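Below: the structure, in structure tokens.
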Amino acid sequence: MNWHLENIDEVMKQTGGSEKGLPRSEVLDRLEKYGPNEITGVKKRSAWLMFIGQFKDFMILVLIAAAIVSGFLSDITDTIVILSIVILNAVVGFVQEYRAEKSMEALKKMSVSNALVIRDGVTSSIHSTGIVPGDTILLKAGNVVPADTRLSEAIELRINESSLTGESLAVEKQTKALQGKNIALGDYTNMAFKGTFVTNGHGTGVVVATGMKTEFGKIAMLLQVPGTQTPLQKRLATFGKNLAYIILFICAIVFIIGYLRGEEIVTMLLTTLSLAVAAIPEALPAVITIALAIGAKKMVMKNALIRKLPAVETLGSVSYICTDKTGTLTMNKMTVEKIAGKDFTIGNDTPDTPGEDDYTLLMQAIVLNNNVKRDDHNNTIGDSTEIALNDFAFARGFSRLDIEKKFPRIAEIPFDSKRKCMTTIHRAGDKYLVFVKGAMEELMHKVADDSDIGFWTEAMNTMLENGLRVLGFAIREMEALPADINPETIERHLKLTGLAGIIDPPREEAKRAVLECKTAGIRTVMITGDHPVTAATIAKRLGIIETKEDRIITGTEMYEMTGEELEKLANHIKVYARVSPEQKLLIVKALQARGEYVAMTGDGVNDAPALKHADIGIAMGINGTDVSKEAADMILLDDNFATIVKAVKEGRRIFDNIRKFIRYVLTGNTAEILTIFLAPFFGLPIPLLPIHILWINLVTDGLPGLALATEPAEKNIMQRPPRKPGESIFANELGTDVLWIGGLLAGLTLGIQAYSIFISDSHWQTMVFTVLCLGQLLYAFSVRSENFSVFTLGLLSNKKLLVTITLSFLLQIAIIYVPFLNILFKTQPLSLKEFIFCVALSFVTFFTVEVVKTIRRSKQNT
């Protein structure tokens with residue numbers, strides 16, 4: 001029902017409410033009918049379901065199947081080792097996700113609130129979840145509105161609705177029914193909405209909606225659908241499917257050839273199992289999970305809480321950041337930026353103040369015509385504009401308490417929307433001082449001398465053009481007060497003393513962050529419910545708008561556009577002003593339709609649907625609403641836009657390191673596959689046993705792989721453009737490198753096998769195993785950078801990698817020379833000559849890769 005269009009008597013009749021409130025007996029029935037006054041989200045998964053969810057990855061399922069087959073057909077050791085790495089991966093993922101959910105629960109507990117309600121004629125404070133439709137509630141400065149309410153009384157009542165509409169200025173409320181259709185939510189002046197904040201005055205109203213039926217709840221309903229897959233999830237899903245097809249094809253060929261050659265079926269099953277184990281990078285899921293977990297831990301230290309691990313990498317992929325203005329790019333705190341009089345102009349950052357009488361009069365007007373108060377905790381409460389004015393004056397030595405002692409207030413004419421003025425009257429000895437504050441254009445009609453109107457008009461227009469909200473101040477000195485104090489008798493024959501320009505200023509660190517995003521090839525777009533002029537001013541100051549081609553459009557203009565038209569213009573629009581929550585969602589979808597990876601930042605309920613559907617949603621941890629936090633993939637614990645830039649850098653570093661590991665592990669696995677696959681074609685026996693392949697994949701690959709996950713970011717990481725949408729994980733020659741380097745290592749391995757068998761060396765299998773193992777370990781040094789030489793990077797710049805390669809090398813020596821391990825791994829001790837020959841051959845791959853990188857660098861520089 002359109003409660004804002006009905007008069008209060010009709011609303012009372014429809015809801016069953018009254019000035020004395022509901023009977024307590026009726027409340028219980030309504031609570032059972034309508035349910036508690038709370039926002040319900042998607043049902044949380046239990047801990048065990050969260051753990052089971054870690055095993056859904058395709059490669060994990062293939063590994064489990066391989067472990068089962070291995071247990072039936074060969075040594076149980078293979079099964080134990082494979083299952084161990086699978087469980088390790090699941091535990092790491094579960095712990096990270098579980099901790100993030102617990103952190104979210106702790107953040108939710110911070111938002112519990114109470115409400116004042118009248119029942120049976122008695123006022124009492126209750127928990128907001130117990131409010132029902134028809135309840136009569138009281139609102140006063142400092143309260144959070146507990147439910148959607150049709151106001152029946154509003155005394156100087158102003159409510160900050162930025163969390164719902166994005167409008168930073170508090171809205172003045174009244175009680176009359178509204179007229180017309182298609183009224184914007186921000187213009188419902190006779191309604192108070194759940195989750196908004198009372199900044200000034202007091203009021204009474206009847207509750208018309210609770211819980212999910214509120215405007216707050218309607219937005220939450222938009223979130224009850226699955227989110228978007230992250231780029232990493234998409235890439236790995238594609239990679240897993242392609243890898244599965246390759247594995248099945250190669251295994252089928254090897255099995256058929258072996259069967260046609262007369263090999264036993266059991267032997268060929270073991271061989272194809274070896275191939276499957278060789279092809280699947282067992283450590284890949286664990287290394288990726290651990291890399292993301294390490295990144296998430298680092299990001300918490302930088303005030304970014306990751307709720308979903310893959311979101312860490314997504315940050316490195318985003319090409320657009322759609323950000324709310326209020327509280328995200330700005331301070332969410334109204335500030336006086338400039339005051340001006342006939343002979344002075346002072347900015348917020350001006351240290352010195354003039355001593356002229358006009359200046360003193362203006363500052364006195366600012367503090368005396370003001371109703372801010374302090375609560376029990378010494379916090380300033382009241383209208384955000386009045387707080388800004390009071391703080392500005394106090395910082396320059398003008399204290400309201402001190403000045404009111406000299407000029408005590410004896411009367412007040414409250415602000416109303418028709419006059420657009422507020423007046424206070426003060427005693428000054430045997431005279432009276434009248435201070436009037438209000439819209440400058442209204443004050444100019446009330447002056448005694450209009451000869452200076454041109455000056456004041458120009459001063460006002462200059463501030464308006466800079467996106468400032470302008471308030472004027474005037475004074476009148478009276479010998480005696482009239483019997484009837486009203487606007488007609490008091491607010492005339494005024495003298496203008498000055499004007500103040502007010503704005504919610506941009507964060508200084510946000511400006512630097514926008515510039516860094518630009519350098520990194522990321523476009524920043526402002527999406528706000530605020531007015532276009534104000535939004536444009538902030539956007540220009542932050543560097544979001546720079547050229548004439550950068551467009552600003554409003555929600556009204558968007559209503560007249562089709563989805564296709566919005567999609568075509570999306571790349572040129574830098575500011576969306578006065579938009580609805582549904583439109584924010586359309587903007588995100590339009591950019592995604594163009595193939596962009598979109599991050600959405602925000603703190604309000606109105607941001608939540610877009611946060612949910614963006615490639616990555618980033619909510620504010622301090623001022624963010626519970627709904628926005630639930631919808632987000634990441635939460636900024638310091639509400640600082642600049643933290644996003646740090647997170648983007650971390651995301652790019654992590655993806656770089658994942659690519660390095662994939663390059664490293666697939667090169668080794670390609671070498672293993674080609675070695676096993678090609679050996680029969682050259683008349684050679686199967687060169688490796690399943691246990692050998694498993695050792696190489698889990699130890700030789702795994703330990704250095706974990707160290708590669710900690711590789712520091714390359715110097716130019718934030719000078720690169722974002723990765724192209726849909727770009728394959730094998731892009732930029734990764735796939736080519738995997739094939740030729742893997743082929744080179746396989747050729748060296750098959751060469752030493754053929755040579756050893758030719759000279760009747762019984763240690764040939766151990767030598768093949770050693771060359772393949774050490775060749776991959778040495779390649780780990782080269783894979784640290786796709787372009788820079790390992791000698792340029794320095795061996796000690798990643799000490800963990802040096803330690804793990806050294807450890808893996810020692811373990812390989814132990815397998816060769818420790819009798820117990822000889823039995824377990826079916827190896828034989830090599831002679832010193834054989835071992836040196838294997839080590840020398842292993843260095844061939846390392847030096848070849850370094851030479852190729854040198855050639856590539858020289859081509860790039862020419």
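Some notes on this structure:
- Residue in the range 804-816 that is more than 30 Å from Thr710 (Cβ to Cβ) and surrounded by 14 or more Cβ atoms within 10 Å (Cβ to Cβ) present: no
- Among the residues of the range 431-443, those identified as under 29 Å from Pro408 (Cβ atoms) and either open to solvent by 50 Å² or more (accessible area, probe 1.4 Å) or among the hydrophobic types (A, V, I, L, M, F, W, C) (or both) are Lys431, Leu433, Val434, Phe435, Val436, Ala439, Met440, Glu442, Leu443.
- Look at the range 184-205: where a residue is touching a residue at least 60 places away in the same chain (Cβ under 8 Å) and a partner is among the aromatic types (Phe, Trp, Tyr) and open to solvent by 30 Å² or more (accessible area, probe 1.4 Å), sitting 6+ places away or on another chain with Cβ atoms under 7 Å, you get Met191/Trp3.
- Residues that are among the small types (Gly, Ala, Ser) and either assigned to a strand (DSSP E or B) or over 30 Å from Lys540 (Cα atoms) (or both) within the range 414-458 comprise Ser417, Ala428, Gly429, Gly438, Ala448, Ser451, listed in sequence order.
- Of residues in the range 515-535 being touching a residue at least 60 places away in the same chain (Cβ under 8 Å) and in a helix (DSSP H, G or I), the one farthest from Lys646 (Cα to Cα): Val533
- On the stretch given as the range 562-578, residues that are within 22 Å of Ala510 (Cα to Cα) and among the aliphatic types (A, V, I, L, M) total 3.
- Condition check for Gly35: in contact with a strand residue (DSSP E or B) (Cβ under 8 Å, 6 or more places away or on another chain), open to solvent by less than 50 Å² (accessible area, probe 1.4 Å) and either modelled with pLDDT under 90 or on the phi > 0 side of the Ramachandran plot (or both): no
- Check on Leu734, open to solvent by less than 10 Å² (accessible area, probe 1.4 Å) and either within 30 Å of Ile813 (Cα to Cα) or in contact with a His (Cβ under 8 Å, 6 or more places away or on another chain) (or both): no
- Tally, over the range 644-668, of residues that are closer than 13 Å to Thr328 by Cα and either surrounded by fewer than 24 Cβ atoms within 10 Å (Cβ to Cβ) or without any contact (Cβ under 8 Å) to a residue 60 or more places away in the chain (or both): 0
- All conditions but one from (1) of a type in the set (Val, Ile, Thr); (2) assigned to a helix (DSSP H, G or I); (3) crowded, with 22+ Cβ neighbours inside 10 Å; (4) at pLDDT 80 or above apply to Ile253; the one that does not is (3).
- Annotation note: Cβ proximity below 9 Å between a residue of the range 459-481 that is under 17 Å from Met422 (Cα atoms) and outside any loop (DSSP other than H, G, I, E, B) and a residue that is of a type in the set (Ser, Thr, Tyr) and open to solvent by 20 Å² or more (accessible area, probe 1.4 Å) (sequence gap 6+ or interchain) occurs for Arg469/Thr534; Arg476/Tyr432; Glu477/Tyr432.
- Any hit, the range 335-349, residues being in contact with a strand residue (DSSP E or B) (Cβ under 8 Å, 6 or more places away or on another chain), hydroxyl-bearing (Ser, Thr, Tyr) and within 29 Å of Lys574 (Cα to Cα): yes
Here is a yes/no grid of residues against (1) more than 36 Å from the chain's Cα centre (by Cα); (2) within 18 Å of Val803 (Cα to Cα):
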{"site": "Ala679", "(1), (2)": "yes, no"}
{"site": "Ile686", "(1), (2)": "yes, no"}
{"site": "Leu689", "(1), (2)": "yes, no"}
{"site": "Pro704", "(1), (2)": "no, yes"}
{"site": "Ala709", "(1), (2)": "no, yes"}
{"site": "Pro712", "(1), (2)": "no, yes"}
{"site": "Lys715", "(1), (2)": "no, no"}
{"site": "Arg723", "(1), (2)": "no, no"}
{"site": "Glu727", "(1), (2)": "no, no"}
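- Qualifying residue in the range 775-791 (condition: part of a helix (DSSP H, G or I), open to solvent by 10 Å² or more (accessible area, probe 1.4 Å) and either touching a His at 6+ places or on another chain (Cβ under 7 Å) or at pLDDT below 90 (or both)): yes
- Residue list for the range 137-191, filter: of a type in the set (S, T, N, Q), farther than 27 Å from Met526 by Cβ and in a loop (DSSP other than H, G, I, E, B): Asn143, Gln174, Thr175, Gln179, Asn190
- Some residue of the range 571-589 being within 23 Å of Ala520 (Cα to Cα) and among the small types (Gly, Ala, Ser): no
- Ala393, sole failed condition from (1) under 24 Å from Glu156 (Cα atoms); (2) open to solvent by 20 Å² or more (accessible area, probe 1.4 Å); (3) assigned to a helix (DSSP H, G or I): (2)
- Selection from the range 817-862 of residues that are among the aromatic types (Phe, Trp, Tyr) and either open to solvent by less than 60 Å² (accessible area, probe 1.4 Å) or on the phi > 0 side of the Ramachandran plot (or both): Phe825, Phe835, Phe846
- Flag if Thr457 is surrounded by fewer than 22 Cβ atoms within 10 Å (Cβ to Cβ), under 28 Å from Thr335 (Cβ atoms) and of a type in the set (Ser, Thr, Tyr): yes
- Selection of the range 331-380 for residues being modelled with pLDDT of 90 or more, assigned to a strand (DSSP E or B) and of a type in the set (Ser, Thr, Tyr) yields only Thr335.
- Pick from the range 497-514, criterion open to solvent by 20 Å² or more (accessible area, probe 1.4 Å) and touching a residue at least 12 places away in the same chain (Cβ under 8 Å), ranking: farthest from Cys421 (Cα to Cα): Arg512
- Here the condition is being within 28 Å of Lys140 (Cα to Cα) and surrounded by 14 or more Cβ atoms within 10 Å (Cβ to Cβ); of Ile339, Ile346, Ile387, it holds for Ile387 alone.
- Qualifying residues in the range 560-592 (those that are in a helix (DSSP H, G or I) and among the acidic types (Asp, Glu)) - the one most open to solvent (accessible area, probe 1.4 Å): Glu564
- Looking only at the range 128-145, and only at residues there that are under 31 Å from the mean Cα position of the chain (by Cα) and at pLDDT below 90, the one that is surrounded by the fewest Cβ atoms within 10 Å (Cβ to Cβ): Gly142
- So Ile538, is it assigned to a helix (DSSP H, G or I), within 26 Å of Gly341 (Cα to Cα), in contact with a Leu (Cβ under 7 Å, 6 or more places away or on another chain) and hydrophobic (A, V, I, L, M, F, W, C): yes
- Residue that is over 18 Å from Arg784 (Cα atoms) and either open to solvent by 50 Å² or more (accessible area, probe 1.4 Å) or in contact (Cβ under 8 Å) with a residue 60 or more places away in the chain (or both), where the choices are Ile759, Ile741, Ile729, Ile717: Ile759
- Scoring Ala614 on the criteria (1) out of contact with any Ser or Thr (no Cβ under 8 Å at 6 or more places or on another chain); (2) open to solvent by less than 20 Å² (accessible area, probe 1.4 Å); (3) modelled with pLDDT of 85 or more leaves a single failure, condition (1).
The values are calculated or read from the model by the stated rules, or taken from the named source; none is laboratory data. Quick caveat, the model's predicted, so the values are computed rather than measured. Using ideal geometry, Cβ is built from the backbone for each residue, glycine included, and neighbour counts are taken over all protein chains shown. Please note that ligands, DNA and RNA were not included when accessible areas were found on the heavy atoms of the full protein model with its side chains. Shrake-Rupley method; radii C 1.70, N 1.55, O 1.52, S 1.80 Å.
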